[in-house]
Amino acid sequence: MSCAWCASLKIKNKVYEMFLIGYQFRVLSPIFTIHWGLQARRSRPLWREKQNEKNRKHFETFKRELFARYRTDPLHLLRRPPQRKA
């Protein structure tokens with residue numbers, strides 16, 4: 001995990017936490033919503049998918065911690081998606 005990635009994650013966490021306590025945000029320009037680095041899952045290297053899986057597990061913990069602290073889940077992030085039938 002790189003230091004730049006850690007800093008980016010901390011910023012995202014703080015922004016979501018600010019949203020939970022009532023801050024409102026406005027996007028100034030659509031240029032901020034574009035990300036050229038998006039990839040199809042099948043074109044990602046194996047290490048990237050492993051990293052994403054690890055990040056998903058961290059995010060699950062993060063969501064529970066914020067819910068415990070603020071007792072609110074406005075984006076319904078704690079709602080589990082339906083299980084796929086095998």
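FYI, it's all coordinate maths here, none of it is from the lab. Since this is a predicted model, take the numbers as computed values, not measurements.
In order along segment 41-51, the Karplus-derived 3J(HN,Hα) couplings, from 6.51 cos²θ - 1.76 cosθ + 1.60 at θ = phi - 60°, round to 4, 5, 8, 6, x, 4, 4, 5, 5, 5, 5 Hz, and Gly and Pro are given as x. The HN-Hα couplings worked out from phi for segment 54-67 by the Karplus form 6.51 cos²θ - 1.76 cosθ + 1.60 (θ = phi - 60°) are 4, 5, 4, 5, 4, 5, 4, 5, 4, 4, 5, 5, 5, 5 Hz, whole numbers, x standing for Gly and Pro. Karplus-derived 3J(HN,Hα) values for segment 7-14, using 6.51 cos²θ - 1.76 cosθ + 1.60 with θ = phi - 60°, are 4, 4, 5, 4, 5, 4, 4, 5 Hz; glycine and proline are entered as x.
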